[in-house]
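For reference, the structure discussed in these notes is given below.
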Amino acid sequence: MQYKRILLKLSGEALMGERQYGIDPKRLAEYAKEIKQVVEKGIEVAIVIGGGNIFRGVAGAANGMDRVQGDHMGMLATCINGLALQSALEDQGVYTRLQTALEIKEVAEPYIKRKAIRHLEKGRVVIFGAGTGNPYFTTDTAAVLRAIEVDADAILKGTRVDGIYNVDPEKDKAAIKFETITFKDVIEKGLKVMDMTAFTLSEENKLPIIVFDMNTSGNLLKLVSGEKIGTIVDN
């Protein structure tokens, strides 16, 4: 296997599937099966999910809501997604723990680094909810932070596109895909991989980011097995 411990970053929108809002049970089950295949190979898996399928703090602020209040609502949305994915994984027989940066002790463990690592070592999937627990920080930043804290080998950012392109491939069929690219080139070319806070944190800590298509069956397993899937961002 290419990696021993990974952090999988999923957007909240990815859980919508073909829907316009909320969670698509079919898509959730598909993701759970993909993750199970990787766990069965002995890979330790941590996950961070966004909450954009339910609520975005930035969108709330744009409509006059207090930004901090909106971000807290967004954090709770990630916890809802985390609970849904935990249920889907457990339906597949995968032992899973949800840890949150905001304390919701009746439904999830509080985030404790040592406990999270111990869960991973025991073969349990650990889902990190509520972002960093702080407003103004995205779930991309939370993903990088947690990956560094639990000493993950890489961040695997699952999207609906099969890598990083020079322009949006959904808008321009002549778009050119990068197989590998440096952090410096991503910044210079103005490519949107993650928000700048998350991206620079990853660069400073020499944590590679792999952007790949999570919606293609088998891609996750191929990626951790060493096949060239998606785009690698590294120094």
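Distant-in-sequence amide contacts of Thr100, defined by a placed amide H-H separation under 5 Å and a gap of 5 or more residues or a different chain, comprise Glu109, Tyr111, Gly129. Of the peptides 81-89, 159-167, the ranking by mean beta-carbon count within 10 Å, highest at the top, reads 81-89, 159-167.
From most to least packed by mean Cβ count within 10 Å, the peptides 130-141, 220-231, 23-34 give 130-141, 220-231, 23-34.
The slack between Ala29 and Lys206, meaning 0.36 nm per residue of separation minus the straight C-alpha distance, is 60.4 nm. Within the listed set Glu170, Glu149, Glu44, the residue fluctuating most in the Gaussian network model of the chain (springs between alpha-carbon atoms under 10 angstrom) is Glu170.
Candidates Ile47, Leu15, Ala62 compared by Cα position along the dipole of region 1-62: farthest toward the positive end lies Ile47, with charges placed on Cβ. Accessible surface calculations at 1.4 Å, restricted to protein heavy atoms, place the chain at 50 Å² per residue. The Lys41 and Asp66 beta-carbon pair, evaluated with R₀ = 45 Å, returns a calculated FRET efficiency of approximately 0.50. The relative contact order of the chain comes to 22 percent, based on Cα pairs under 8 Å that sit 6 or more residues apart.
Here region 21-155 exposes an accessible surface that is 51 percent carbon and sulfur, computed with a 1.4 Å probe and the other protein chains kept in place.
Element breakdown for region 171-222 at a 1.4 angstrom probe: carbon and sulfur atoms account for 51% of the accessible area.
The values are calculated or read from the model by the stated rules, or taken from the named source; none is laboratory data. Here the structure is a predicted model, which is why all the values come from computation and not from measurement. Note that we place each Cβ from the backbone using ideal geometry, even for glycine, and neighbour counts take in every protein chain shown. For accessibility, only protein heavy atoms count, side chains too; no ligands or nucleic acids. Shrake-Rupley method; radii C 1.70, N 1.55, O 1.52, S 1.80 Å.
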